[in-house]
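The structure appears right after this line, and notes come after that.
Just so you know, all these numbers are worked out from the coordinates, no wet-lab data involved. What you are looking at is a predicted structure, and each value in this text was computed from that prediction instead of being measured. Cβ sites come from the backbone with ideal geometry, for glycine too, and all protein chains shown count toward neighbours.
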Amino acid sequence: MQNFKKKLIVISLLLVCILIFSIFQLLRIYNEKKKTISQFEELKSIIESTPSQIGKENQKYLKIKEKNNDFVGWLTIEGTNIDYPVMQSLDNPEFYLRHNFYKEKDKSGVPFASSTSSIPNGDNIIIFGHNMKNDTMFSDLQKFKSQKFLEENHQISFNTLTTSYKYDVIMVIKISESDTREFPYYKYSSFDNITAEKYLSKAKKYSIWSSNEKINDNTKLITLSTCEYTIKNGRLVIIAKKSSD
C-alpha cells in the first residue's frame, strides 16, 4: 500500500510538471505572437499615417525603408493573416530566417526574398517564410490546400517602393526536400535558361491544385514557400501569376 502511494505521488508530480511545462509553452507562444504582431502593427501604422500623393502612393513605404534598408516590399494576401514587409539581404541571403525586421535574433524571422530575385520586375520573385505554430508569418499559406478557400481567395498583393502588383494564384504544390534535387523550385528566379511554361510544367508534377491560366514568354510570377509538415521535410509552395490589369 505504501509503495502504491509513493507511485501515486510520483505520477502526480510528473503530471504537475507536464502541466506547468505546457502552460509555459502556451505562454511562450502567446508572447512570441504578441511581440510579432506588435512590431508589424507599428510598421503598418507608419504606412497608414503617411499622406499619399497622386502618382506617389508608394512613397509611403520610404519610411519603412529608412528603418531597414533591406526592406523591398509589402506582401498582403486576402483571406489570411499575411500582411508583412518582405526583406532581402544580398550578402547574407538567409539572415531573416532567424532575425526580425529590426535585425534582432528572432526564430520567427520575417518573410524574405531570395537573393537572386530581381525586385520589382523579376521573372519570378521567390519569397520564403516560416510556418509558425502561433499562426504568424506564412502559416496561413496552409489555407491554400483547401479548394473552397482557393475559390474565394486567390489574389496576392506585392507593393514595392515604386510599383503595386496583383498576382493570381495558379498552382499549389507540396514537395519534399529530396524531390527538390530534381526540381529546385527556389533557384528559378529568372527565366533566362528556362521558360515560365517549362517551370510550371516541372512544378505541376508536385501540384495538389492548378488552374488553366495561359502562360507566355512575358509571364511574371511570384512564388511563396513555407514548411509543410504532412510530408517529411516538406515544402508548401504557392505560385501566382502577375495580373494583366
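Remarks
- Karplus-derived HN-Hα couplings along region 181-197 (A = 6.51, B = -1.76, C = 1.60, θ = phi - 60°), whole Hz, x at Gly and Pro: 5, 7, 10, x, 3, 6, 9, 8, 8, 10, 9, 6, 9, 8, 7, 4, 4
- With a cut-off of 12 Å between beta carbons, the residues surrounding Gly122 carry a summed charge of 0, where Lys and Arg count +1 and Asp and Glu -1.
- Measure of compaction for region 143-245 (Cα Rg per 2.2 N^0.38 Å): 1.06
- The percentage of C-alpha pairs in region 126-181 whose separation is greater than 16 Å is 59%.
- In this rough spin-label picture, where each label sits 7 Å from Cα along the Cβ direction, the Ser243-Lys44 distance is 2.0 nm.
- Taken over region 47-155, the percentage of Cα pairs per 5 Å bin, counting from 0 up to the bin with the maximum distance, is 2, 11, 19, 21, 20, 16, 8, 3, 0.
- Violating pairs (Cα-Cα greater than 30 angstrom) within the set Lys103/Lys204; Lys205/Lys242; Lys65/Lys204; Lys105/Lys143; Lys143/Lys198: Lys103/Lys204; Lys65/Lys204
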